[in-house]
Structures are given as C-alpha cells and as structure tokens.
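S.K.: Handing you this structure, nothing more for now.
Values quoted throughout were computed directly from the atomic coordinates according to the rules given, and no laboratory measurement underlies them. Not measured: the values here are computed from a predicted model. Every residue, glycine as well, gets a Cβ built from its backbone with ideal geometry; the counts of neighbours run over all protein chains shown.
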Ligand code: SF4
C-alpha cells in the first residue's frame, strides 16, 4: 500500500474532510460514472442516503451542500468557494440539480437526500448510498461509498483492513511502521524527509514537481491563515460562535513581545484559530490530514517560517514530507477519522505529524523525529469527538490552537533528548487504534456525547 504526500494533504473546502470533502467527492464520482457510461440522459431521479455519523452530524458539517455540489460535477479541490452560496441558493429555489453540470433533474434535500440518523452501515460509520432511477422508477445504478477520513472515499467493496484504495506503486523505501522507517534511515543515512522524497518520486513525479506541489500546498495553507485573520463576524451554523483571529491579531500586533516571553504561543494559537475559523465557514482548506484538524500543521509551519531563524522554502518542503511520513503510519495502522476513533485520530494525528515536521527542520535526527511524533500522539490518546451541534467549531477550533502549541512542546522535548525514549511511536499508534475501538460510539462524531450533550445550544 503506497500513500503519497498529496493523498494526505489535499486542497479542499471546509468544514469537514470526511463529512464535506468525502460526500462531495463521492457525489462527483457517482455523477461522473453516470456520465461516462452514457446513463445521464436516462436518469430521472437520484436518491442519496447518508448513514451513521453522516446521518447524525452531516447537516452541521454541510454534507447536504457537498452532495448537491458533487452531483452537479464539482470537486472539493476545484470548486470556487466564493460561488458556493449563490449556486446552492439557486439549486434550492429551483428544486433541481444539473447532474454532472449538464442533465437537470428534480432534487430536493429532505426528500431526495435523506439523513438516516438511526442506521449505520456495518462496514464503516460514514456510509452513503447513491441510487439513480429512470423514468419508470427502475434502478439505473446504485453505489455505496464510505468516507473514511481525510477526504478519502472508497466504494462498498473495500472493507476492513482494505479500506484505503490499494495503490500498487512500488516504493524504494516501503514502510508500515516507525521501526521500519527508522531502519531505512539508519541503513541509508537519509533523513525522514529525504526518504519520503525518494518514495514520492515512485508515483511518477519529478523532484521539481514534488517540491512545487508541496509549496503550492503551503501557499494554500498560508493564504488560509491570512484570510482567517482578516475576517470578522459570526461563524455559520447557528451557534453564533464569534471569529476571534482578527481581534487577537490586532492585540498581538499592539503588544510588545519583550514584556511577555510566551507571546509566541499566542501567535501560534492565532494561526490555528484563523485556519479553523475559515474551515468552519466553509473556506478553502488543505486537509492536514483532516479538515477538523486542519489548523495544526499550518500553525506550526507558520511558526517555523516566522519564528525560527533561517527558515526557508526547503525547510517547508522537508517539514511537510516528514509530517506526511508520520501521517502514513497513522493511516496504515490506525485511522485519521473522528467517526472511527474519535478526535485522537484527527487532532492527535495532526499534532504528531506537526511535532515530527518541526523536529526535522530544527535539526533533529530521525530518532528525535520519531520521539517527537510519539509525544505528539501520546498526550492526545483518548481524545473524544463531541462537536456541539455537529458543527466543526466547539471544541474543534480551540483544540487546534492548543494542539499546535503542544506539537511545538513535543518537538522541543524531543530535541532536548537523544532520541531514546520509553514508548515507541508504533506502540502509541496501536494504543490509539485500540482506544478508538473501545470508545463508545457516542464519542465518535455523532454529537451524542460529551460537550455536545452537556452544553446547551442557544
Ligand atoms: S472534535 Fe475533533 S474529530 Fe470531532 S469534529 Fe472536532 S476536530 Fe474533528
């Protein structure tokens, strides 16, 4: 199984990779399949059923909007975010959708798109069934997809250990564990980022393409930080959560760093708040590795570029390659989906990845990088997913700010050591997976437990 850095970091839209990006990608796949197989002209009706966690929290995560856009031919990475509201308003007013942008059919959310809150498909908590019918009401095509986290979508045939789309690319340095990764580094003398770069080339990209692709991801991340800082007001969804990044930015600019030696921590929190507020508002985002946890890697990377002397583009590339190597371990051995393992899989994985990236660009050895990644996940173990109102706002936005500073602490602890430590990263990832398995479903992106039921929405 080969996973590329561009699988883990994908340009998409907020607020959720599994509940917005995944459903949009699935709807696009379905509409495109009808188009490619010449079935579009015969399609008279399409029915979409969202099951399990998608049924329970999909409304708050914008899954219905995502499906509408996907059916009309949009993809998360290409959709023009500024045009979304107007297009959705038009589709809702007319009660129609243009399948794959060309074939208009009636489509009404609540009638043709159903949030099935009581049923969860056995294979995965984020199931979706798409059915197209002809004029006579006969089924033209039925597809079941699963949104397995980070915007990854698989069809119903991929289950169990085979949830990730198999990719038979042969890597020069294949690894499925931290131990194997370190062994390659020790045998070759390569850093983790250099090793990842070699692996990336196996996907058919030149070194230049890889570097410019990664720098493009960084450009989207930093645009997102900038946009989040400029915007004011209340986030959509009904909780009336105020955006805070703008005001915090103004305060930090007015304050002197000399009087507060920990002011950098506030800047880091600001960078994460800015991204996650943009995510909550449905803005342009890089899944890193998910949307809910999309603020941590950009926040720590922005910290690197603004606070670490001699930071440069080469460091940015190395940071993201290293973070991706750790992301591969989470994706291969546990999960990055809040619906599967709780928030430890989203914020925990992102914190671990950011810790690793920062450690490498601060001069850490592969052992210190592995140590930092382990610290980054160990202290997020057991973290539940309980978003209030099913919105990716509380606790998600602040949680990213806290985890970003935690990632920097993890990197600093690891850099002060020699890489030797008690708990191996592989053991911490296994513990995350086991803890996720034992976690009650109400703490896995269902909004049926934790803060979601203890805080009254007003
Ligand atoms: S609580 Fe964590 S896992 Fe759940 S939606 Fe928020 S960021 Fe994602």
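S.K.: Once the chain is represented by equal point scatterers at the alpha-carbon sites, with solvent omitted, what log10 I(q)/I(0) does the Debye formula produce at q = 0.07, 0.11, 0.13 Å⁻¹?
M.R.: Treating every Cα as an identical point scatterer, log10 I(q)/I(0) equals -0.33, -0.82, -1.14.
S.K.: Given R₀ = 60 Å, FRET efficiency for residue 134-residue 205 by Cβ-Cβ distance, to 0.05?
M.R.: 0.90
S.K.: At a 10 Å Cβ-Cβ cut-off, how would you order 130, 146, fewest neighbours first?
M.R.: Ordered from fewest to most neighbouring Cβ atoms within 10 Å, 130, 146 come out as 130, 146.
S.K.: Which distance in nm do the two modelled labels at residue 437 and residue 455 give, with both placed 7 Å along the Cα-to-Cβ direction?
M.R.: My value for the distance between the label points is 3.2 nm.
S.K.: Could you give the angle, 0 to 90 degrees to the nearest 10, between helix 245-254's Cα long axis and the longest principal axis of the Cα atoms of the chain?
M.R.: 30
S.K.: Okay, next question. Please report Rg (one decimal) and Dmax (integer) in Å for the Cα set of segment 13-155.
M.R.: 13.6, 38
S.K.: Here's a follow-up. Give me the distance between the Cα centres of segment 385-442 and segment 99-161, rounded to whole Å.
M.R.: Segment 385-442 and segment 99-161 have Cα centres separated by 32 Å.
S.K.: A further question follows. At what distance in nm do the modelled label points of residue 308 and residue 259 sit from each other, each positioned 7 Å from its Cα along Cα→Cβ?
M.R.: 3.0
S.K.: When the scattering of segment 247-388 is computed by the Debye formula from its Cα atoms alone, each counted once and equally, what is log10 I(q)/I(0) at q = 0.12, 0.13, 0.16, 0.18 Å⁻¹?
M.R.: With one equal scatterer per Cα and no solvent, log10 I(q)/I(0) is -0.50, -0.58, -0.87, -1.07.
S.K.: Distance between the C-alpha centers of segment 77-97 and segment 180-257? Whole Å please.
M.R.: Each part's Cα centre sits 28 Å from the other's.
S.K.: Would you kindly work out the equivalent ellipsoid of segment 165-267 from its C-alpha gyration tensor and give its semi-axes, the square roots of five times the eigenvalues, largest first in whole Å?
M.R.: 40, 20, 14
S.K.: Starting from 0.36 nm per residue, how many nanometres of slack lie between residue 86 and residue 252 once their C-alpha separation is accounted for?
M.R.: 56.2 nm
S.K.: Using a Debye calculation, one point per C-alpha and no hydration shell, please list log10 I(q)/I(0) for segment 33-76 at q = 0.24 Å⁻¹ in order.
M.R.: -0.91
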